[in-house]
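Read the structure below first, then the notes.
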Amino acid sequence: MTIGEVSRLTGLTIRTLRHYDRIGLCRPVCTTEAGYRIYDEASLQRLHSIMMFRELEMPLEQIRRLLDMPDSDMQQALSLQRDLLAMRREHITRLLAQTETIMQKGLTHMDFSAFDKRRMEDYARQAEAAWGNTEAWQDYARREKTRQKGDSAAYGRELMDMLGRFGHSRPASPDAPEAQAFVAGLQEFITQHFYTCTTPILRGLADMYETDDFRRNIDQAGGEGAAPFIAEAIRIYCR
């Protein structure tokens, strides 16, 4: 398919498709002698994935890294997208509930929790104090420079939503397979969105989650006892 045909099929502008080509996000399979970009089925599949992740407001560079990850496949990408969509749905549900409350009770009943960014700021401050001179923090700082406005806060909310959802549905024991699978997913999420979360760093998070600020925030999101439960699950996983 030519770039014009792809534009009509996908709804993406020719300018956008050329931009994706320039930055290596989605290149045509070849360019004809006349200069026409030609796309094949694999190119269309990649474009479809890009458009799905853009619906989540994921930065283009992050999408490129995700789709080009070694040993990754589309199933992994779709699994991540499903989790992110579920988090966004929960966030929208909270906003809808708050809007309905305001409609019923007026602005005299105000709940600012849906817009609270302090949890993300707590993470950033304590992480810098713990790892300010490490390669992980330098990785985080580099990513911060390339993020779009609001990305970090959004990822922080997604992380807290993940902890909260698990806290409310946590199994009986932190060594249960479900708990250990959650920790593996948590490590992957942090690596994808913040910094390379090695096992020693992950182990350090267990201690951080039991400090006053983190314990209060995590227990508020996931129910009483969520923070120490998650911390212990992390310690078991790291052994």
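The values are calculated or read from the model by the stated rules, or taken from the named source; none is laboratory data. Owing to the predicted nature of the structure, the values given are computational and were not obtained by experimental measurement. Please note: Cβ atoms are built from the backbone with ideal geometry, for glycine as well, and neighbour counts cover all protein chains shown. These accessible areas exclude ligands, DNA and RNA; they are computed on the full protein's heavy atoms, side chains included. Shrake-Rupley method; radii C 1.70, N 1.55, O 1.52, S 1.80 Å.
At a glance:
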| item | result |
| --- | --- |
| Accessible surface of Asp175 - all protein chains present, 1.4 Å probe, nearest 10 Å² | 90 |
| Filtered GluC sites (Glu not before Pro), the range 136-239: DSSP coil and at most 12 other beta carbons within 10 Å | Glu224 |
| Cα centre as origin, Lys/Arg/Asp/Glu Cβ charges: the range 175-239 dipole, Debye | 200 |
| Length gained when the stretch Arg27-Asp212 is fully extended (0.36 nm per residue, less Cα-Cα span) | 61.7 nm |
| Rounded FRET efficiency, nearest 0.05, which uses the C-beta distance separating Arg239 from Ile92 and R0 of 41 Å | 0.60 |
| Accessible surface, 1.4 Å probe, highest first, among residues Thr146, Thr99 | Thr146, Thr99 |
